[in-house]
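The values are calculated or read from the model by the stated rules, or taken from the named source; none is laboratory data. Treat the numbers as computed from the prediction; the structure is a model and nothing was measured. A quick note on method: Cβ atoms are made from the backbone with ideal geometry, for glycine too, and the neighbour counts reach across all protein chains shown. The area values use the complete protein model at the heavy-atom level, side chains included, leaving out ligands, DNA and RNA. Shrake-Rupley method; radii C 1.70, N 1.55, O 1.52, S 1.80 Å.
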Amino acid sequence: MSRSDIHRQPPRRPWLRFTDQAGILLLSGLGTLALTVGVLRLEGGLRSLVRWGRLTPTTLAWGIGGGVPAAGPVLLLSLLTPMADRGGAVAVTLLPVLPAFSLAGNLAEEVLFRGFLQGRLEQRTSAIRAALLFAACHASLASTVTDAGWPLLTFTLYEGLICAFLRLRSGVIAAALAHGTAIFLLAGALA
């Protein structure tokens, strides 16, 4: 083995996998949902910043439809990588739990960012700045929890802009659906 072979790093692979324990995912999703409800109940002043929108077929279409292009670039890149290098196939038993986990967890994030933060920033500046801040908040995630680096920041900025637009157009419900759909697609059977 040559010296260059020793120092060669394996290429980074875009993939997202959660635990194979459906009960843990379900409890985590329910816990996140309970915390979100708690924060909304305790913070009346912040609660007024959350523009939910109406739960209509159009809102559902915008939300789910926004998740597909948000996940699209990563899904396309992942096609170039064998499934085994992306964490392997997701257990079929997780597929019913993943949508609930993805939606509950990302509802919390959307309430915080699109509800509280974007709602506040819209009073002073623009939704674009809120999306940029959303991406910046993921800097530590990109550099410490994962080794994805700038691709994760690029993805969160891109997804943040989609969700910011959806929040402006149809409210937090549409943004949370888009975010949850994107994470489900990236962590589910399609990734």
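Identify all residues within region 48-64 that are surrounded by 13 or more Cβ atoms within 10 Å (Cβ to Cβ) and without any contact (Cβ under 8 Å) to a residue 24 or more places away in the chain; write none if there are none.
If the condition is that a residue be surrounded by 13 or more Cβ atoms within 10 Å (Cβ to Cβ) and without any contact (Cβ under 8 Å) to a residue 24 or more places away in the chain, then 61 is the only one that fits.
Please enumerate the residues belonging to region 99-127 that are farther than 18 Å from residue 157 by Cα and buried (at least 23 other Cβ atoms within 10 Å of the Cβ).
Across region 99-127, the qualifying residues are 101, 102.
Considering 45, 38, which residue is open to solvent by less than 40 Å² (accessible area, probe 1.4 Å) and not basic (Lys, Arg)?
38
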